[in-house]
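Worksheet for the structure shown next.
Derivation of every value follows stated rules applied to the coordinates shown; laboratory data play no part. Just so it is clear, the structure is predicted and the values come from calculations on it, not from any experiment. For neighbour counting, all protein chains shown are included, and Cβ atoms are generated from backbone atoms with ideal geometry for every residue, glycine included.
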Amino acid sequence: MSAVEKKVLILGGGLAGLACALRLQAAGARPLIFERSDGVGGRVRTDQLDGFLLDRGFQVFLDAYPEAGDLLDKESLDLRAFRPGALIYRTSGRVRMMDVFREPRHLLESALAPVGSLADKLRVARLRWRLMRLTTEEIAGHEDMTTESYLRYAGFSPAMIDGFFRSFYGGIFLERELQTSSRMFEFTFKMFSQGSATLPSRGMGEIPRQLASRLPPGTIRLGAQVTRIQPGSITLESGEQFRGDAVVVATDATTAAGLVSAGGIDGPVWRSVTCLYFAAARSPLCESIIALNGTGCGLVNNVCVPSDLAPAYAPPGRALVSVSVLGTVDSADLESRVLAELEAWFGGAVREWRHLRTYRIERALPRQEPGNGFTGPGFRQAAGVYVCGDHLWSASIEGAIISGLRTADAILKPS
Ligand SMILES: Cc1cc2nc3c(=O)[nH]c(=O)nc-3n(C[C@H](O)[C@H](O)[C@H](O)COP(=O)(O)OP(=O)(O)OC[C@H]3O[C@@H](n4cnc5c(N)ncnc54)[C@H](O)[C@@H]3O)c2cc1C
């Protein structure tokens with residue numbers, strides 16, 4: 001059968017499922033997406049509340065992502081960039097650390113910032129120079145270890161690792177122990193050096209919405225939970241059955257492991273995060289930058305004000321504050337504890353902030369340990385079905401999209 005005639009049943013309308021469907025569609029095949037929730041996007045969605053746009057957990061799109069960048073129309077996403085660097089809140093006060101290659105006017109301030117030594121700052125520059133010249137394939141071929149070991153091996157001082165890398169990469173890997181694969185560290189460091197961390201002007205949910213809008217009407221079925229799969233057929237919770245020429249499981253890894261029980265898919269250990277949103281009369285930062293906890297203690301890892309980058313995140317005259325706490329903290333007084341902590345950062349104005357919503361995201365990122373990711377085909381063929389998703393390449397938007405695209409390529413390959 002030619003690719004053009006193939007009907008492909010895809011479970012999951014996250015980025016992997018959408019990318020897979022788009023490539024299949026472009027080649028003339030007929031993808032059908034079954035999504036159990038009420039919208040596309042999976043872990044990348046945005047809610048609206050009282051005129052605020054709340055991303056379901058703080059996350060950013062790195063505009064240097066090569067394959068996601070090719071697939072998306074970045075211009076119509078109207079990406080708003082964070083400044084390259086961070087403000088670090090320490091017990092002794094606030095320190096600014098910028099990427100001085102892009103903001104050279106902060107050279108002296110960043111070089112003298114009491115976070116690590118001058119030698120550490122030079123190591124950052126050397127790392128940047130080296131990684132920008134490597135391809136992702138070269139990075140994928142590097143020996144893999146924990147990011148913490150990698151940084152020590154690269155000569156960074158404990159003061160630099162504890163004072164900067166733990167909170168900056170803690171916010172990306174959703175863990176401060178830096179046990180994530182050093183390949184993932186090298187890849188993200190390269191992406192941060194080559195481009196910017198951005199937010200679409202109308203929220204992260206615009207990314208999947210844009211992809212979904214390119215598929216023909218009727219391709220995506222929402223509220224359709226798949227409970228059983230077999231090679232060539234799926235069954236929904238409602239009992240309805242569908243037949244196709246191929247089945248793609250583009251769910252998160254835990255669900256995939258349950259559905260493809262004979263397929264050797266590991267249900268991963270997850271990195272979790274809690275994201276709290278507050279409405280403020282004024283931005284506590286007044287600039288498009290990420291603020292980090294450099295005290296070495298407390299609940300908060302990072303803070304930003306999305307409405308400083310993209311005004312649509314808040315109604316006129318208000319600011320939206322996003323606070324990330326690593327892990328899922330199930331405490332009834334979490335909001336007040338976070339506010340008390342942030343009063344030490346931003347002063348008494350914090351007492352006027354209004355809590356909007358807290359997202360506790362148990363399954364945010366599949367744990368990406370050394371040796372896990374950036375290898376293999378980017379998908380699995382198991383028990384007669386294809387499995388794709390961020391867990392099969394890298395725990396990121398780029399990883400999910402790559403995995404979806406490669407799965408489509410495998411299906412389209414003439415047999
Ligand atoms: C808080 C947070 C912060 C993050 N930060 C970043 C960041 O800054 N940068 C970055 O690049 N990445 C980040 N990520 C990671 C990125 O969002 C994910 O890697 C990516 O979205 C995963 O996409 P996916 O399609 O593989 O899986 P998912 O998004 O999990 O999609 C799977 C879909 O399958 C559906 N589904 C599940 N079971 C069934 C079923 N039985 N039947 C039908 N449908 C089903 C789900 O509802 C879901 O829509 C972050 C993620 C989170 C949650």
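Dividing the Cα radius of gyration of the range 13-171 by 2.2 N^0.38 Å, with N the residue count, gives 1.33. By the count of neighbouring beta-carbon atoms within 10 Å, fewest first, Val248, Val44, Val303 end up ordered Val44, Val303, Val248. Could you tell me the distance between the Cα centroids of the range 47-91 and the range 289-326, to the nearest Å? Taking the Cα centre of the range 289-326 as reference, the centre of the range 47-91 is 12 Å away. Helical content of the chain, expressed as a calculated mean residue ellipticity at 222 nm, amounts to -8500 deg cm²/dmol (DSSP H runs of 4 or more residues, -39,500 (n - 2.57) each, divided by residue number, nearest 500). Pairs of Cα atoms nearer than 8 Å and 6+ residues apart set the relative contact order; for the chain it is 26 percent. Working note: Karplus 6.51/-1.76/1.60 with θ = phi - 60° gives the range 251-259 the couplings 8, 5, 5, 5, 5, 4, 4, x, 6 Hz, where Gly and Pro are set to x. Only lysines eight or more places from Lys6 in sequence, or on another chain, were considered; those with a Cα closer than 23 Å are Lys413.
In a reduced charge model with +1 at each Lys and Arg Cβ and -1 at each Asp and Glu Cβ, the chain shows a dipole moment near 340 debye about its Cα centre.
For a footprinting-style exposure proxy, rank Asp308, Asp390 by other Cβ within 10 Å, fewest first. Don't skip to the end; give the middle numbers.
Working: Asp308 22, Asp390 29.
Ascending number of Cβ neighbours within 10 Å: Asp308, Asp390.
When the Cα positions of Ser193, Gln241, Leu18 are compared along the charge dipole of the chain, Ser193 comes out farthest toward the positive end, with charges on each C-beta of Lys, Arg, Asp and Glu. Net charge dipole, the range 206-245: roughly 60 debye, given to the nearest 20, about the Cα centre with Cβ charges of +1 for Lys and Arg and -1 for Asp and Glu.
Dipole of the chain computed with +1 at Lys/Arg Cβ and -1 at Asp/Glu Cβ about the Cα centre; of Pro217, Thr328, Leu112, farthest Cα towards the positive end is Leu112. Computed from label points 7 Å out along Cα-Cβ, the spacing between Ser213 and Leu107 is 4.3 nm. Taken about its Cα centre, the range 57-141 carries a charge dipole of roughly 720 debye when the Cβ of each Lys and Arg holds +1 and the Cβ of each Asp and Glu holds -1.
When only C-alpha pairs under 8 Å and at least 6 residues apart count, what is the relative contact order of the range 99-195, in percent?
34
Summary of packing: across the peptides 26-37, 132-143, 85-96, the per-residue average of other C-beta atoms within 10 Å ranks them, highest first, as 26-37, 85-96, 132-143. Packing, taken as the mean count of other beta carbons within 10 Å per residue, orders the peptides 282-292, 346-356, 185-195, 14-24 from highest to lowest as 14-24, 185-195, 282-292, 346-356.
With both labels modelled 7 Å from their Cα along Cα-to-Cβ, the Thr135 to Arg337 distance reads 4.8 nm.
Based on the Cβ-Cβ distance from Ala281 to Ala344, what FRET efficiency comes out when R0 is 22 Å, to the nearest 0.05?
0.65
In terms of overall dimensions, the chain has a Cα radius of gyration and Dmax of 21.7, 68 angstrom. Taking packing as the residue-averaged number of other Cβ atoms within 10 angstrom, the listed peptides 324-332, 165-173 run from highest to lowest as 165-173, 324-332. Straightening the chain between Leu118 and Tyr153 buys 10.9 nm, computed as 0.36 nm per residue apart minus the Cα-Cα spacing.
For the range 4-34 versus the range 184-234, the inter-centroid distance based on Cα atoms is 12 Å. Once you treat every alpha carbon in the range 99-195 as an equal point and sum by Debye, what is log10 I(q)/I(0) at q = 0.13, 0.20 Å⁻¹? So the normalised log intensities work out to -0.43, -1.06.
Quick one: net charge of Leu127's neighbours, Cβ under 10 Å, K/R +1, D/E -1?
+4
Taking one quarter of the surface of the convex hull spanned by the alpha-carbon atoms of the range 300-347 gives a direction-averaged projected area of 4.1 nm².
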